[in-house]
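Student: What follows is a structure written as structure tokens; I'll ask about it next.
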Amino acid sequence: PSNQATFFAQDYDGIEVHRGDQDDAAGPRVRAEVFVTRTYCALVVLTRETIERFQQRRRLPVLRIKRTLQVLIDHLEGYSGLLLALARKPEFRGDLAAHLVSSGLMAMILGKRAQIGRQQLVALGMAALFHDLPKAGLNDATLNGLEHPESMAAKDVERVAEHWMGRISSLIALSGLTEDTLSRVVAMYESQLEFGAKELYGADEQPFALYSRLTRLIDLFDTASWTRPGKPAMTGHEAMRAVLARARGDHSPLLKLFIKTFGIFPTGSAVRLRSGELAIVVGQSDSGDLLRPVVHVIADRKGSAIDGPTADLSASPDYGVHSSV
């Protein structure tokens, strides 16, 4: 932003650069929310390609992913609610690529709330996007077990750790251990360390890198609402309660920031209001009331689809959340 005045005033060998929102030339216009949605979908496709290439030991499309994350970072202001709603679409709840994308998006949103700089946001997003890449190829039973590591047999924990280290070696072989790769390797390695651990928060977590601590909170939340054979569906509200249960009374600033950012009724979740109407949570209230988010009504009390009002429930005494859906 500080360079915009000189950037748009220069002439690049006959190419004139100016702001897109000041372009009055003829031609089709793409609404910002459509552009953001397309960019999100592009990132899901790129991540699926990354998973496929990773399993085949082929070069990863890291540069394209990084550029896509940069575009999304530039649209976090004003469109984070849309991105979180896309990330919580039930059609994606069992897809590893969508989980990785959700982790990357939520990490960048949380990082921005923590006032992390743009360059560090890219590194954080990349680290979160890669942290669970070794889950590719694991069967449903193993994936279900990883969500409850305390119940896993010692030999299974050892087998997963060996698999994880093999995948980390593959990433280094594909990308080289450069400064750019290091944060992704650290996040991937420290993601594996929680398997079989009794405590995920508090003093035991302090040695972990900041990126890993951010990512692990997000991973716990997003993974809880995965659906797969042998694992029941879970709403966003239930997933957030699972995070709080695992936190075991921890009141660290990081956990508080996480809850304030995504809410007890997380952005993108569906809720039933006390009026009987259905709504989507589109944001958290500036009042700080975590139980009364900002919602957009999508169905009346009879269940008929409508494009209803958007309301901050903390400012509407007659409205309130009855339950998550």
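The values are calculated or read from the model by the stated rules, or taken from the named source; none is laboratory data. Bear in mind that the values here come from a model prediction, so they are computed numbers and not experimental data. We place every Cβ from the backbone using ideal geometry, glycine too, and count neighbours over all the protein chains shown. In case anyone asks, the SASA skips ligands and DNA or RNA and just uses the protein heavy atoms, side chains included. Shrake-Rupley method; radii C 1.70, N 1.55, O 1.52, S 1.80 Å.
Student: Would you pick out the residues in the stretch 64-118 that are closer than 17 Å to residue 258 by Cβ and without any contact (Cβ under 8 Å) to a residue 12 or more places away in the chain?
Tutor: 115, 116
Student: Which one of 301, 272 is more than 22 Å from the chain's Cα centre (by Cα), of a type in the set (Lys, Arg) and not in a loop (DSSP other than H, G, I, E, B)? Please lay out each step first, then the result.
Tutor: Working: 301 fails: not in a loop (DSSP other than H, G, I, E, B).
The match here is 272.
Student: Let me ask something additional. Can you tell me how many residues within the stretch 289-325 are among the basic types (Lys, Arg) and within 12 Å of residue 276 (Cβ to Cβ)?
Tutor: So the first thing to find is which residues in the stretch 289-325 are among the basic types (Lys, Arg), and the list is 292, 301-302.
Still in the running and within 12 Å of residue 276 (Cβ to Cβ): 301-302.
The total comes to 2.
Student: With the structure loaded, tell me whether residue 288 is open to solvent by 30 Å² or more (accessible area, probe 1.4 Å), more than 25 Å from residue 99 (Cβ to Cβ) and modelled with pLDDT under 90 or whether it fails that test.
Tutor: Working: open to solvent by 30 Å² or more (accessible area, probe 1.4 Å): yes; more than 25 Å from residue 99 (Cβ to Cβ): yes; modelled with pLDDT under 90: yes.
So residue 288 fits the description; yes.
Student: Separate question: Restricting to the stretch 24-51, count the residues that are modelled with pLDDT under 80 and farther than 19 Å from residue 74 by Cα.
Tutor: Result for the stretch 24-51: 5.
Student: Now for a different question. If you go through the stretch 133-148 one residue at a time, how many are over 22 Å from the mean Cα position of the chain (by Cα) and touching a residue at least 24 places away in the same chain (Cβ under 8 Å)?
Tutor: Selection size over the stretch 133-148: 1.
Student: Taking into account only those residues within the stretch 236-253 that are under 18 Å from residue 148 (Cα atoms) and at pLDDT below 80, which is surrounded by the most Cβ atoms within 10 Å (Cβ to Cβ)? Walk me through how you get there before you give the answer.
Tutor: First pass over the stretch 236-253, keeping only residues under 18 Å from residue 148 (Cα atoms): 238-248.
Okay, now just the ones that are also at pLDDT below 80, so 246-248.
Details: 246: 15, 247: 18, 248: 10.
If we take residues in the stretch 236-253 being under 18 Å from residue 148 (Cα atoms) and at pLDDT below 80, then 247 is surrounded by the most Cβ atoms within 10 Å (Cβ to Cβ).
Student: So if I check each of 17, 62, which one is in contact with a helix residue (DSSP H, G or I) (Cβ under 8 Å, 6 or more places away or on another chain) and either at pLDDT below 90 or under 24 Å from residue 310 (Cα atoms) (or both)? It would help to see each step written out before you state the result.
Tutor: On the way: 62 fails: either at pLDDT below 90 or under 24 Å from residue 310 (Cα atoms) (or both).
The unique qualifying residue is 17.
Student: Follow-up question, since we're still on this one. Specify which of the listed residues (261, 267) is in a helix (DSSP H, G or I), of a type in the set (Ser, Thr, Tyr), crowded, with 17+ Cβ neighbours inside 10 Å and in contact (Cβ under 8 Å) with a residue 24 or more places away in the chain.
Tutor: Values: 267 fails: in a helix (DSSP H, G or I).
Result of the check over 261, 267: 261.
Student: What pairs can you find where one residue is in the stretch 220-235 and open to solvent by less than 70 Å² (accessible area, probe 1.4 Å) and assigned to a loop (DSSP other than H, G, I, E, B), the other is of a type in the set (Ser, Thr, Tyr) and at pLDDT 85 or above, and their Cβ atoms are less than 8 Å apart, with a gap of 6+ or different chains?
Tutor: Close Cβ pairs satisfying both conditions: 225/235; 235/269; 235/324.
Student: Inside the stretch 303-325, can you point out the residues that are touching a residue at least 24 places away in the same chain (Cβ under 8 Å), open to solvent by 60 Å² or more (accessible area, probe 1.4 Å) and either of a type in the set (D, E, K, R) or under 21 Å from residue 258 (Cβ atoms) (or both)?
Tutor: 318
Student: Any residue in the stretch 179-190 that is in contact (Cβ under 8 Å) with a residue 60 or more places away in the chain sitting within a Cβ distance under 7 Å of a residue that is among the hydroxyl-bearing types (Ser, Thr, Tyr) and open to solvent by 10 Å² or more (accessible area, probe 1.4 Å)? List the pairs, counting only those 6 or more apart or interchain.
Tutor: Pairs found: 183/211; 187/211.
Student: Can you pull out the residues in the stretch 113-138 that are under 17 Å from residue 98 (Cα atoms) and of a type outside the set (A, V, I, L, M, F, W, C)?
Tutor: Within the stretch 113-138, 125, 131, 132, 134, 135, 137 meet the criteria.
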